[in-house]
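Taking it in order: structure first as structure tokens, then the write-up.
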Amino acid sequence: MKECVFCKIINGQYPSEVVYETENILSFLDVNPINHGHTLIVPKQHIEDFHSLPTDLLNELIQTTSIVTKAILKSFNPDGYNIFCNNGHYAGQSVFHFHFHITPRFRFDGIKFKPNVKRYKNDEMKLVAEKIREMISN
Ligand code: AMP
Ligand code: ZN
């Protein structure tokens, strides 16, 4: 993936502020932070989205996310934090190389993540759950 900005960072062709590195993972600061300390956890392999990650790599990514989260907590003593990943253009993904975001949060930082919620009518909730349960057992 020649034009992938994260591959370029991983290959050392593009600058970044690395905070942690393992054999398979690089963690660096987001250049457009929601709050200072906003950090990305990125597999070195170019994999586009969450559901394409092999289980071992996913486990490693989660362990690394935990290590870096604890360091962010010690560094900034935030009031909370978000961990998230956007998957697909319509879900807000702008770099199509998988990454977890870790963002420290502060009581008065003014950031709002919660959208207007939808409602289930009648037995819709039951039907939706049934569909997902069926796909898990398939
Ligand atoms: P997403 O929109 O969830 O795909 O997140 C991509 C993130 O990558 C955004 O928050 C960008 O600010 C960040 N980003 C894009 N280019 C760079 C870069 N060169 N170095 C660090 N972060 C970047
Ligand atoms: Zn890439």
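Between helix 55-76 and the chain, what is the angle of the helix's C-alpha long axis to the longest principal axis, kept within 0 to 90° and rounded to the nearest 10? Orientation of helix 55-76: about 70 degrees from the principal axis.
Each 10 Å bin from zero up to the one holding the largest Cα-Cα distance in region 5-113 carries the following percent of pairs: 14, 48, 32, 5.
Among Asn35, Asn122, Asn59, the largest mean-square fluctuation in a Gaussian network model of the chain (Cα springs under 10 Å) belongs to Asn122. For the chain, the longest principal axis of the C-alpha atoms and the axis of helix 124-137 are separated by about 60°. Relative to its Kirkwood radius, the Cα radius of gyration of region 91-137 gives an Rg/Rh of 1.13. If R0 equals 25 Å, the separation of the Cβ atoms of Ser137 and Thr55 corresponds to a calculated FRET efficiency of about 0.85.
Only Cα pairs under 8 Å and 6+ residues apart enter the sum, and on that basis the relative contact order of the chain stands at 23 percent.
Of the trypsin sites (Lys or Arg not before Pro) in region 42-138, the ones in a loop by DSSP (not H, G, I, E or B) with at most 11 other beta carbons within 10 Å are Arg107, Lys112, Lys118, Arg119, Lys121. At a 4.7 angstrom Cβ threshold, list every cysteine in the chain that has nobody to pair with, or say none. When partners are defined as cysteine Cβ atoms under 4.7 Å apart, the chain leaves Cys85 without one.
Read-outs throughout are calculated quantities, based only on the coordinates presented, and are distinct from any laboratory measurement. Quantities reported herein were computed from a predicted structural model and do not represent experimental measurements. Reconstructed Cβ throughout: ideal geometry from the backbone, glycine too, with neighbour counts over all protein chains shown.
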